[in-house]
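Structure first, commentary second.
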Amino acid sequence: MTITQRLSVLAFVAGFICSHTAFGADAPVLKPKQTYKIGFSQCESNNPWRIAETESVKQACAKRGYQLVYTDAAGSAAKQVADINSMIAQGVDAILLAPREEKPLVPAVMAAKKAGIPLVLLDRRTDETATKPGRDYLTFIGSDFVDEGKRAADWLAKATNQKATIIELLGTTGSSPANDRHKGFADELKQYPNMKIVASQSGDFARDKGRQVAETLLQAHPDATAIYAHNDEMALGAIAALEAAGKKAGKDVTVVSIDGEKDGVQAIADGKMGVSVECNPRLGDKGLDALLASSKGEKVPDWIKSDDHLFDSSNAKENVATAY
Ligand code: GYE
């Protein structure tokens, strides 16, 4: 055989392996059926955002008469991987996965792919170097977290005349919103030389953890003039910490945040929180619509992006009632 012949045999074998194993083939799509059994793997249920998301998936399935297999990993990535494996064993038709962290959930995505079950990433991403939309899973449905961080930074810049000493409460370590919300905010601050993050620590997207971390960081940095929290729950914890330290949230310290949950929007209406960049949790219908589109042979985009607004003193009052 000549070199060229050898190379073409090699290319054929490589192509065959890629298209017949979980490694290189296209992501599975939904098989057309009358009705479906849908798995939804929630990562935890510790805040109103998660509860609103679960509710939206439940309603979307109920409305269409689909059976729902629901699991709650209770904050454990290992349990979440096991939850996905059990859904695969139960023969679900499709999986909606809200992955707690980027890397530990990669095996879950690949297991669904190997089983030929279409999977949609809902609200958070998995590690993009190891898993790709269209190749390993159908699509990612959720917000632009980098942009959320950027918008929070710009709002704070305007509110403080571009001068702030900032404490940052990070979300869950290793989760895509925590990584991206930090990046978007920190990158944007490069334009504002008098705005500095003096401390960053994870409050795990939880109210009480946020309060504890804010308490410690406020003691270490009593000169802080702003708190940037990666979600409203931690921002509300930080407001409690400020009050316990005898400081006025909204006056002595400006609090900026992300999500737009009811208590957060109320805190804005009360003048305690400055802004919450919206992050929409109501993703259930979008998830099912993407799966159905795939069953009709339609091309599903790699990212179905949420169109998020922003709550501040100009619109908080009228939005409290409809917030979750
Ligand atoms: O902001 C937070 C939740 O992954 C986008 O996770 C979501 C975030 C949301 O626990 O409140």
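Listed residues Ala214, Ala224, Ala235; which is more than 27 Å from the chain's Cα centre (by Cα) and surrounded by 15 or more Cβ atoms within 10 Å (Cβ to Cβ)?
None of the others qualify; the one that does is Ala224.
I'm trying to understand the selection: among the residues of the range 28-47, which are more than 16 Å from the ligand (Cβ to nearest atom) and part of a loop (DSSP other than H, G, I, E, B)?
Listed by number, the residues that qualify are Pro28, Val29, Leu30, Lys31, Pro32, Lys33, Gln34, Thr35, Tyr36.
Yes/no matrix, rows are residues, columns are (1) farther than 18 Å from Ala316 by Cβ; (2) at pLDDT below 95; (3) in contact with a strand residue (DSSP E or B) (Cβ under 7 Å, 6 or more places away or on another chain):
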{"position": "Gln201", "(1), (2), (3)": "yes, no, yes"}
{"position": "Gln212", "(1), (2), (3)": "yes, no, no"}
{"position": "Thr225", "(1), (2), (3)": "yes, no, yes"}
{"position": "Ala235", "(1), (2), (3)": "no, no, yes"}
{"position": "Ala245", "(1), (2), (3)": "yes, no, no"}
{"position": "Lys262", "(1), (2), (3)": "no, no, no"}
{"position": "Asp270", "(1), (2), (3)": "no, no, no"}
{"position": "Met273", "(1), (2), (3)": "no, no, yes"}
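If we only count strands (runs of 3 or more DSSP E) wholly inside the range 105-195, which ones have 3 or more residues that are in contact with a strand residue (DSSP E or B) (Cβ under 9 Å, 6 or more places away or on another chain), under 30 Å from Lys31 (Cα atoms) and within 16 Å of the ligand (Cβ to nearest atom)?
Strands (runs of 3 or more DSSP E) meeting the threshold: 119-122, 139-142.
Kindly indicate whether any position in the range 155-176 is touching a Ser or Thr at 6+ places or on another chain (Cβ under 6 Å), closer than 26 Å to Glu44 by Cβ and not hydroxyl-bearing (Ser, Thr, Tyr).
Yes: the range 155-176 contains one or more residues that are touching a Ser or Thr at 6+ places or on another chain (Cβ under 6 Å), closer than 26 Å to Glu44 by Cβ and not hydroxyl-bearing (Ser, Thr, Tyr).
What is the number of the single condition among (1) farther than 19 Å from Asp263 by Cβ; (2) away from the ligand (no atom under 16 Å from the Cβ) that Gln212 does not meet?
Result: Gln212 fails condition (1) only.
Lys286 passes all but one of (1) over 23 Å from Arg211 (Cα atoms); (2) crowded, with 16+ Cβ neighbours inside 10 Å; (3) touching a helix residue (DSSP H, G or I) at 6+ places or on another chain (Cβ under 7 Å); which number fails?
(3)
Name the pairs whose Cβ atoms lie under 7 Å apart, with the first residue in the range 303-324 and without any contact (Cβ under 8 Å) to a residue 60 or more places away in the chain and over 20 Å from Ala153 (Cα atoms), the second among the charged types (D, E, K, R) and not in a loop (DSSP other than H, G, I, E, B), and 6 or more positions between them or separate chains?
Here the result reads Val320/Lys262, each pair linking the range 303-324 to a residue that is among the charged types (D, E, K, R) and not in a loop (DSSP other than H, G, I, E, B).
For the range 103-123, give me each residue that is in contact (Cβ under 8 Å) with a residue 60 or more places away in the chain, crowded, with 24+ Cβ neighbours inside 10 Å and closer than 20 Å to Arg181 by Cα.
Leu122, Asp123
The values are calculated or read from the model by the stated rules, or taken from the named source; none is laboratory data. As the structure is a prediction and not an experimental result, all values here were calculated from the model. Don't worry about glycine lacking a Cβ; one is built from the backbone with ideal geometry, like all the others, and counts go over all protein chains shown.
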